[in-house]
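Trainee: I have a structure I would like to understand better, so I am pasting it below and will then ask my questions one at a time.
Readers should treat all values here as calculations from the given coordinates under stated rules, not as data from a laboratory. Please read all numbers here as calculations on a predicted model, not as lab measurements. Please note: Cβ atoms are built from the backbone with ideal geometry, for glycine as well, and neighbour counts cover all protein chains shown.
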Amino acid sequence: MRRKIVEELTTEKRAGDNRGASIVELIIVVMVIGVMSAFALIQVQSARTNIRVQNSVRQLSSYMEKARVDAVRRHDSSSVTFTSPTTYTVKMDFNNSGLPVTRTFNFQDGVKLASSDLPNVTFNWRGRTVSSGSSCVTTFSVSDGKSGLSVDVSGSGDVTVENQQPSLPNVTYNNTVTSSDGINGRAVVGGTDAPDNTPCMDLSGGGIGGDSGPPACAIHVNSTSIVVKKNGGSTGSVLVSMNAAKLVVASFPSNLIVSPASQTVSMGSNYSITSKNTLRGPFNVTFTSQCGSSIVVKVNVTN
């Protein structure tokens, strides 16, 4: 009898051990799988958007380099001109016919210019840029709203992405020249132009005030252009004034921080502006008053 009872208890225990997972356990497993899948999906989507930005910038910089080489080869000019934040045209000899033609290219889906100005880069027969009539550096940013890359086109025509200039080797040069080296000491290299690596940004409004709107709703800023360093390197400020106390709201791109974003303005109130990532170039901040007037301040983000 006792043996029979022991056998029955053992059978019941085995049956309990083989009954499988409970509903609660299944729900926990499904939830864990769901969370892991969600994180994986987010990572995949982020990687895809980054690839779209990189591919778009890679194609753009490639055509800029080709346009530069084409200008030198034909002893003429070539250009890359943006017609919208997502579209640009390339004017160069695509068919090796000796004559330039214009073709239109688009960024990939979701990618566009982050900076406010539409770049226009023209290369002359020496491969140098003639944009803006100077030899400064044209800087602009391309982004998908989350990540982005900055592009620099120097006055000498060099195109770089995110300041990835090649590093020169540390070589010691022998500058000692003797009379027996067969070098004509009277040789003079002509030319007076010094290289200019300053940004091609409109700094004309720096420290110059601006007004907008009718007298009853006039809005005033103490400077229509300011300069800040990227990634929080420096903070700029704009003083906004109204004839009567009005609410003024700031509109700005996602790579900038404007504090406060809105406040009641009368005789003069400060707005501080900071860059929160590495995107560089000109960006617009618009101050709009409660009565409808608005004014734009250009924020030039540099290194």
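Trainee: Based on the mean of other Cβ atoms within 10 Å per residue, sort peptides 260-273, 103-116 so the most packed one is first.
Mentor: Ranked from most to least packed, the peptides come out as 103-116, 260-273.
Trainee: If I take all pairs of Cα atoms in the range 53-161, what percentage of them are more than 23 Å from each other?
Mentor: 22
Trainee: Efficiency by 1/(1 + (r/R0)^6): what FRET value for residue 208 and residue 156, r their Cβ-Cβ distance, R0 = 30 Å, to the nearest 0.05?
Mentor: The formula returns an efficiency of 0.45 here.
Trainee: Follow-up. Relative contact order for the range 53-161: what is it in percent, counting Cα pairs under 8 Å that are at least 6 residues apart?
Mentor: 26
Trainee: Calculate, in nm to one decimal, what residue 75 and residue 37 gain on full extension: separation in residues at 0.36 nm each, minus their alpha carbon distance.
Mentor: Taking residue 75 through residue 37 to full extension adds about 8.0 nm, to one decimal.
Trainee: Say each of residue 94 and residue 146 gets a label point 7 Å from the Cα, pointing the same way as Cα to Cβ; how far apart are those two points in nm?
Mentor: With each label placed 7 Å out from Cα toward Cβ, I get 3.3 nm.
Trainee: If R₀ is 41 angstrom, what is the calculated FRET efficiency for the pair residue 267 and residue 231, using the beta carbon separation as r and rounding to 0.05?
Mentor: Once rounded, the FRET efficiency stands at 0.75.
Trainee: What spacing in nm lies between the two simple spin-label points modelled at residue 126 and residue 51, each 7 Å away from Cα in the Cβ direction?
Mentor: Inter-label distance under the simple model: 4.3 nm.
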